[in-house]
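Notes follow once the structure below has been shown.
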Amino acid sequence: MKILQESFGELNGQAITAYTMVNDQGMEVTAIDYGCIITKIMAPDRNGTFENVVLGFDTVDEYALHSPYFGAVVGRFAGRIAGAEFELEGKKYLLAKNNNGNHLHGGLQGFDKIVWATETVQKADAVSVVFSYLSKDEEEGYPGNFDIKVTYTLTNDNELQVSYTGETDQTTLVNVTNHSYFNLSGELKRDILNHQLTLKSDQFLELDPDLIPTGEFLSVENTAFDFRNGRKIIDGVQSEHPQNILAGKGFDHPFLLTENQSGEIILEDEESGRVLTVETDQLAVVLYTGSQMTGGYSVRGVPVRRYLGLCLETQGLPDSIHHAHFPSSILKKGEQFESMTKYRFGVL
Ligand code: G6D
């Protein structure tokens, strides 16, 4: 097990550093202190060939210019907040309107655009990079000084563990996730339409035309949203379900998980033999199939296009502050925000 540290250029005069965690099986995970962005995950296929399985760039300028949150930690509040405002304990807070008049992914300078402080930890069978940041009171319009740590740990079982801890000195909203785009074909050889996804989820959130939850929980039964027994992503692209069409012919939906830490999310690519198992303590996962990646730049030489990658953003429910029947994303002073999501890479 080792961690390599190297320069990843600079942004606005600030040096950016890349950390590559390597385990004894040859798996590698590279992340940079800008946005805690995971830039590369080298995982084996059924023949033991290690290839990159996430969308990412080799320069920080490309992230600043093009990235739709590739690999980044997203927050203070991942997902959308309707009207870019909310009321908490009798006070109204105004946020950036950075997505059709609503607030998306923490605003203009969300956690994905911060240079985080880092430290590394090396153990016999696991290595970690610990990212920390103090999100100041009223930063991006959110109340409270929110002190957050994100830890990436690579184990010798080819598992990447992402854990979040945080606390605030005032009541605030917190919903953080990692926004990696996975493509198990390796080096973006193919798109993700033939990836098979299995999800332990009976319900998903209905979205309105601005992709804001309406508050309705829809059953997956007899729809392309039913991933309980495994389903190819292409089914959602070819589906005539209004919600698949609304999401740009695909998915951009929060799914409520019926189980946690029990193989609740499994992504498979038959051709490469790669399997990604995601386990989380979060109540939901947003499946986003990249239907808004419409071009204009390349990803390590591959012209970007729809369905080149998919996201499995484990998190709370978007816009929960405006839906009293949704589980809350409110964090109060004295409470500890804690969450862990594990990404285990294997082969069929
Ligand atoms: C689009 O609607 C989608 C979001 O879910 C995604 O996170 C973003 O692109 C990158 O806005």
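The values are calculated or read from the model by the stated rules, or taken from the named source; none is laboratory data. Computed from a predicted model, the values in this text were never measured in an experiment. We place every Cβ from the backbone using ideal geometry, glycine too, and count neighbours over all the protein chains shown.
What to note about this one:
- For segment 308-337, filtering for residues that are away from the ligand (no atom under 14 Å from the Cβ) and either out of contact with any helix residue (DSSP H, G or I) (no Cβ under 8 Å at 6 or more places or on another chain) or among the charged types (D, E, K, R) (or both) leaves 13.
Yes/no matrix, rows are residues, columns are (1) out of contact with any His (no Cβ under 7 Å at 6 or more places or on another chain); (2) away from the ligand (no atom under 15 Å from the Cβ); (3) of a type in the set (A, V, I, L, M); (4) at pLDDT below 95:
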site: K40; (1), (2), (3), (4): yes, yes, no, no
site: D45; (1), (2), (3), (4): yes, yes, no, no
site: F50; (1), (2), (3), (4): yes, yes, no, no
site: V54; (1), (2), (3), (4): yes, no, yes, no
site: Y69; (1), (2), (3), (4): no, no, no, no
site: V73; (1), (2), (3), (4): yes, no, yes, no
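- Some residue of segment 256-278 being touching an Asp or Glu at 6+ places or on another chain (Cβ under 9 Å), among the small types (G, A, S), within 22 Å of H103 (Cβ to Cβ) and in a loop (DSSP other than H, G, I, E, B): no
- Residue match in segment 225-243 (condition: within 14 Å of the ligand (Cβ to nearest atom), closer than 22 Å to L160 by Cβ and not in a loop (DSSP other than H, G, I, E, B)): no
- Spans of strands (runs of 3 or more DSSP E) in segment 1-118 with at least 2 residues over 30 Å from T214 (Cα atoms): 2-11, 14-22, 28-32, 38-44, 50-52
- As a summary of the residue check, N175 satisfies the conditions (1) surrounded by fewer than 23 Cβ atoms within 10 Å (Cβ to Cβ); (2) on the phi < 0 side of the Ramachandran plot; (3) under 19 Å from the mean Cα position of the chain (by Cα); (4) not charged (D, E, K, R) except for the one numbered (1).
- Being within 16 Å of the ligand (Cβ to nearest atom), in contact (Cβ under 8 Å) with a residue 12 or more places away in the chain and not charged (D, E, K, R) holds for only one residue in A82, A31, and it is A82.
- Whether a residue is farther than 30 Å from R306 by Cα, in contact (Cβ under 8 Å) with a residue 60 or more places away in the chain, in contact with a Lys or Arg (Cβ under 9 Å, 6 or more places away or on another chain) and more than 16 Å from the ligand (Cβ to nearest atom) was assessed, and T118 does not pass this test.
- Looking only at residues in segment 270-307 that are among the hydrophobic types (A, V, I, L, M, F, W, C) and either within 16 Å of the ligand (Cβ to nearest atom) or free of Cβ contacts under 8 Å to residues at least 24 places away in the same chain (or both), the one that is surrounded by the fewest Cβ atoms within 10 Å (Cβ to Cβ) is V304.
- In segment 246-265, the residues that are within 16 Å of the ligand (Cβ to nearest atom) and surrounded by fewer than 21 Cβ atoms within 10 Å (Cβ to Cβ): L246, G248, K249, D252
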